[in-house]
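Here is the structure we will look at.
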Amino acid sequence: MYADEALYKLDKFLTESYTAGYIQVRIIHGKGTGALRQAVRNALHRHPLVKSYRAGQYGEGEAGVTVVQLSER
C-alpha cells in the first residue's frame, strides 16, 4: 500500500476507534523498508486523537507494529 492511501485509512481507523471508545489500538504497517512506518509515525505525531505512540515490543509485532494510545474523551 502506498503512503497516501495508508494515511487516509489510518485517519479513518483512528476516528472510528476513538468513536467506538477504544483507548489503545495497533497499527500494522509491516517492516519493509521503513518508509511506511515513518509516514505512519509522522501522521500520528500530528493527529489530534493520538495521546502517544510507541514501537511494538516483543510479542506485539515489534518493528512491524506501532501501538497507539488514543486521547481521552
Practice problem: Could you list, in sequence order, all residues of region 27-36 that are closer than 28 Å to Arg73 by Cβ and either over 10 Å from the mean Cα position of the chain (by Cα) or surrounded by 13 or more Cβ atoms within 10 Å (Cβ to Cβ) (or both)? | Solution: Ile27, His29
Quiz item: Looking at Tyr8, Tyr53, Tyr58, which one is of a type outside the set (S, T, N, Q), surrounded by fewer than 17 Cβ atoms within 10 Å (Cβ to Cβ) and not in a helix (DSSP H, G or I)?
Solution: Tyr58
Quiz item: Between a first residue in region 15-40 that is touching a residue at least 60 places away in the same chain (Cβ under 8 Å) and a second residue that is surrounded by fewer than 12 Cβ atoms within 10 Å (Cβ to Cβ), which pairs have beta carbons less than 7 Å apart while being 6 or more apart in sequence or on different chains?
Solution: none
Quiz prompt | Test set (1) free of Cβ contacts under 8 Å to residues at least 24 places away in the same chain; (2) surrounded by 12 or more Cβ atoms within 10 Å (Cβ to Cβ) - Pro48 fails condition number | solution = (2)
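Select from region 11-26 the residues that are part of a helix (DSSP H, G or I) and surrounded by 16 or more Cβ atoms within 10 Å (Cβ to Cβ) and write down the one among them that is nearest to the chain's Cα centre (by Cα).
Here the residue is Leu14.
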Quiz item: If you scan region 53-73, which residues turn out to be closer than 11 Å to Val25 by Cα and of a type in the set (Ser, Thr, Tyr)?
Solution: Tyr53, Thr66
Self-check item: Residue list for region 8-36, restricted to those being under 13 Å from Val68 (Cα atoms) and not aromatic (Phe, Trp, Tyr)
Solution: Leu10, Asp11, Leu14, Thr15, Ser17, Ile23, Gln24, Val25, Arg26, Ile27, Ile28, His29
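Here, each number is a calculation from the coordinates, and none is a lab measurement. The structure presented is a predicted model; accordingly, all values stated were derived computationally and were not measured. Using ideal geometry, Cβ is built from the backbone for each residue, glycine included, and neighbour counts are taken over all protein chains shown.
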